[in-house]
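The values are calculated or read from the model by the stated rules, or taken from the named source; none is laboratory data. What you see is a predicted model, and the numbers here were worked out from it, not measured in a lab. A quick note on method: Cβ atoms are made from the backbone with ideal geometry, for glycine too, and the neighbour counts reach across all protein chains shown. Remember, those area values only see protein heavy atoms, side chains included, never the ligands or the DNA or RNA. Shrake-Rupley method; radii C 1.70, N 1.55, O 1.52, S 1.80 Å.
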Amino acid sequence: MHELNCCAFNSFRFLVKGGLAGAAVYVAYDQGLLGSGIEGAEALKKAQETLPPAIQEWTDYLGWELPSTPKIDFSLSASWNKGVHTVMSALSAAPSRACEYTVEGWKYVKDLVK
């Protein structure tokens with residue numbers, strides 16, 4: 001009987017975790033985070049405007065005192081796009097680089113065997 005309860009509990013935990021993951025994906029999609037870079041940048045700007053007042057309201061309600069958040073002038077979309085371009089550039093050059101490295105490797109092995 002104990003094994004049946006354990007199996008049921010594990011199934012329940014799996015369903016709860018799956019539901020939370022599904023809800024997180026839905027919220028991310030609904031807020032535009034899974035859309036284009038422009039939509040993602042707009043969602044980030046919206047979050048930056050909305051979150052600090054909400055956090056301040058909760059800390060005032062709970063009586064907590066948090067340090068002020070640092071002001072960061074950083075373009076997430078520009079950095080993201082640069083990273084995507086870098087990765088795609090490396091992936092597009094990978095086949096030719098692999099051929100070059102294979103030729104160099106065979107040459108090195110042939111020189112060792114001589």
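Could you please tell me which pairs satisfy a Cβ distance under 9 Å, a separation of 6+ or placement on different chains, a first residue in segment 89-108 that is free of Cβ contacts under 8 Å to residues at least 60 places away in the same chain, and a second residue that is open to solvent by 80 Å² or more (accessible area, probe 1.4 Å) and in a helix (DSSP H, G or I)?
90/97
Against the condition at pLDDT 75 or above, closer than 27 Å to residue 29 by Cβ, assigned to a helix (DSSP H, G or I) and charged (D, E, K, R), how does residue 100 come out, does it pass?
Answer is no for this residue.
Every residue in segment 8-39 that is modelled with pLDDT under 75 and assigned to a helix (DSSP H, G or I), please.
Once the filter is applied, which keeps residues that are modelled with pLDDT under 75 and assigned to a helix (DSSP H, G or I), segment 8-39 yields only 37.
Right, residue 5: open to solvent by 60 Å² or more (accessible area, probe 1.4 Å), assigned to a helix (DSSP H, G or I) and modelled with pLDDT under 75 or not?
Against the criterion (open to solvent by 60 Å² or more (accessible area, probe 1.4 Å), assigned to a helix (DSSP H, G or I) and modelled with pLDDT under 75), residue 5 qualifies.
To keep it simple, each residue is scored yes or no on (1) open to solvent by less than 100 Å² (accessible area, probe 1.4 Å); (2) at pLDDT 85 or above; (3) under 30 Å from residue 36 (Cα atoms); (4) out of contact with any strand residue (DSSP E or B) (no Cβ under 8 Å at 6 or more places or on another chain).
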residue: 54; (1), (2), (3), (4): yes, no, yes, yes
residue: 59; (1), (2), (3), (4): yes, no, no, yes
residue: 72; (1), (2), (3), (4): no, no, yes, yes
residue: 89; (1), (2), (3), (4): yes, yes, yes, yes
